[in-house]
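To keep things clear, I will list the structure first and then write my remarks on it.
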Amino acid sequence: MALPLPPSRTSSPAPLPVRADNGPWALHDAATTRAMEQAALAATPEHTLMSRAGQALARLAIARAPQAGRTVVVAGPGNNGGDGLVAARLLHAAGLEVAVWLVGNPAQRPADAAQALAQARAAGVPLLEDRSALQGAGLVIDALQGLGATRAPRDSVAQAIDAVGAQAAPVLAVDLPSGLHADTGVLLGRQAVRAQATLSLLTLKPGLFTGHGRDHAGEVWLDGLGVDASTLPGAQHRPTAWLSGPPPARLRRHSAHKGSHGDVLVVGGAPGMAGAAGLAAGAALTAGAGRVYVHLLDPQAAAGAVPASRPELMQAGAHRLADPAWLAASTVVAGCGGGTEVAAALPPLISHAGRLVLDADALNAVAADIGLLTLLRHRAARGRPTLITPHPLEAARLLACELREVQHDRLAAARRMAAATGATGLLKGSGSVVAAPDGRCRINPTGNAALAGPGTGDVLAGWAAGLWAQRREADALEVAVAAAWQHGRAADVYALQFPGRPLPAADLVQALWALP
């Protein structure tokens, strides 16, 4: 249903849905967005941006909840609240039932928000000052806090966040769910609004897509407010990071053969953990690597290194690890179920592997041994690419910091990790972050809690190696972005079929194979 509003020459195009399959999307942090906003304000007539924001919000509210009945705008004291007030006035003018819960001191509103309040009052929009406004709501618009929030909500704003969380109607957030940090996706206080959809204004913010952002933002939409960043005067408004899009289709030449698709060596599987190496090897094979070798670190299992369920895998003896030329031609995965035994195997792999993926216990070994870290840095200096795939605790060990520091700013942690090791880092978790040593950064939009189980990280490491083996000159960041996107996408498809169920790692390999 289209919103029955008159067209305006200042209205922006319809908001755009931001999905995993229609990226990549540029992400801008709060400081950059503020600079863009100030430049846009200087280049447009007074009140233009808020007018456009309110109209975009009203249109999206109708599109998402055409049968809402009563819409309640919870308007905070800043310009975010002003956007909500403009939307309330437009919805009211269109004949829809709407009310506003005014939160905070109206006398302290910025000029644009004060004008929006005056116009809403003059138009006869019901304005209330307590939570009774939420009664009978079919849709709640969260316009409490926006880009400027950097501290825990207090007083009336905190109480309003609690009240929005306690009611049952779906929530549409303006720019950001109130209580969520724009740059990091962490909660500013003990609670944030959990929205079913968020309309991000002018730019997309990184915090919507990592940390707690994915749980609290819901579906994300973007309205650029009619602003073309490339035309703004002043400093370059470069993205802070990018939200990844789908990788190119996987195509094979008719004339190709197994030698065309590269060799992968998986080193791992200490006593009791052979399954981890088997999962990584199976994933590499399924990703399309031409030949996959397994070297188990459990001497008792070495004779049976090839799982009976995957007879295509080949056993790699110790001589392979001592052959610099063969390693240089191969893509090596080390650490999956490696235990403490993997540390002794790492020096030749770090020194000679053509492409190296380090996961799990290999990363713990590097974190614990300055000699191995030095080898890794020397490897980077020689131009040999490495991809590391830590979960947050492994990242904390590499950075010699607390886990909470990693999770407090996942983009910064991933960049620090890449700079410290000289490797491209794939920091796993909600909104996995990929960072290259040169500062390039991507956030992965796919995946869900079905991946929160044993072995799925081993599958990711092996899958990345299998992709890399086929494109040996590919940039490590490009490989990591593709692997993370496909890994998460397989879980998303699974979750649609089996909502709420975990995805066993062996089944994940098959789900990856089934992706188009």
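Figures for the structure shown
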read-out	value
5 angstrom amide H check on R70, placed H, neighbours 5+ away	G138, L139
Extreme residue, positive dipole direction of the stretch 138-244, given options I161, T150, G218 (C-beta unit charges)	T150
Extension gain, A122 back to L41 (0.36 nm per residue minus Cα-Cα distance, nm)	26.6 nm
Per-peptide average of other Cβ atoms within 10 Å, ordering 72-79, 348-355 highest first	72-79, 348-355
Positive dipole terminus of the chain, leading residue within L398, L297, G453 (C-beta point charges)	L297
Overall form of the stretch 1-140 per C-alpha gyration tensor (a/c, 1.5; a/b vs b/c)	oblate
Accessible area, probe 1.4 Å, largest first, for residues R121, R379, R154, R214	R154, R121, R214, R379
Separation in nanometres of the label points that stand 7 Å from Cα toward Cβ, at A318 and A368	2.1 nm
Among L321, P311, G275 - extreme Cα towards positive end, dipole of the stretch 268-406, charges at beta-carbon	L321
Amide H contacts of A197 (H built 1.01 Å from N, under 5 Å, at least 5 apart or other chain)	V171, A173, E219
Rounded FRET efficiency, nearest 0.05, which uses the C-beta distance separating Q300 from A249 and R0 of 35 Å	0.20
Which of W242, W468 is most accessible, then next, and so on - probe 1.4 Å	W242, W468
Antiparallel content of DSSP bridges confined to the stretch 139-257, in %, to 5	10 percent
Burial ranking of peptide ranges 283-290, 47-54, 124-131 (average Cβ count within 10 Å, highest at the top)	283-290, 47-54, 124-131
Point-to-point label distance, C401-A452, nm (Cα→Cβ direction, 7 Å offset)	2.3 nm
For the chain, calculated [θ]222 nm from helices alone, where every DSSP H run of n ≥ 4 adds -39500 (n - 2.57)	-12000 deg cm²/dmol
Calculated log₁₀ intensity ratio I(q)/I(0) where the Debye formula runs over C-alpha points of the stretch 344-488, q = 0.17 Å⁻¹	-0.88
Virtual paramagnetic centre 7 Å along Cα→Cβ of L515, amide N under 16 Å, in the stretch 426-457	426-429, 431-434, 443-452, 456-457
Estimated FRET transfer efficiency (N22, H257; beta-carbon r; R0 25 Å; 0.05)	0.10
A152-R440 FRET efficiency (beta carbon distance; Förster radius 41 Å; 0.05 resolution)	0.80
Fully extended contour minus Cα-Cα distance, from Q67 to A166, at 0.36 nm per residue	33.5 nm
Correct option for P(r) over Cα pairs in 10 Å bins from 0, in percent [calculated from the coordinates] among (1) 4, 17, 26, 25, 18, 8, 1, 0; (2) 4, 19, 26, 20, 14, 11, 5, 1, 0; (3) 3, 13, 17, 17, 16, 13, 10, 6, 2, 1, 1, 0, 0	(2)
Bridge type composition, the chain - antiparallel percent by DSSP, nearest 5	20 percent
Under the Karplus curve 6.51 cos²θ - 1.76 cosθ + 1.60, θ = phi - 60°, whole-Hz ³J(HN,Hα) for the stretch 424-439, x wherever Gly or Pro sits	6, x, 10, 7, 6, x, 5, x, 4, 10, 10, 10, 9, x, 7, x
Helical segments meeting 15 Å axial Cα length and Kyte-Doolittle -1.0 threshold in the chain (DSSP H)	30-43, 48-64, 79-93, 111-122, 155-166, 274-287, 342-352, 370-381, 410-421, 456-470, 476-497
Gained length - D507 relative to A381, 0.36 nm times residue gap less alpha-carbon distance	41.5 nm
Accessible-area ranking of R410, R404, R89, largest first, probe 1.4 Å	R404, R89, R410
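The values are calculated or read from the model by the stated rules, or taken from the named source; none is laboratory data. Everything numeric in this text was worked out from a predicted model, so none of it was measured. Backbone-built Cβ (ideal geometry, glycine too); neighbour counts: all protein chains shown. Note: areas computed on protein heavy atoms with side chains; ligands, DNA, RNA excluded. Shrake-Rupley method; radii C 1.70, N 1.55, O 1.52, S 1.80 Å.
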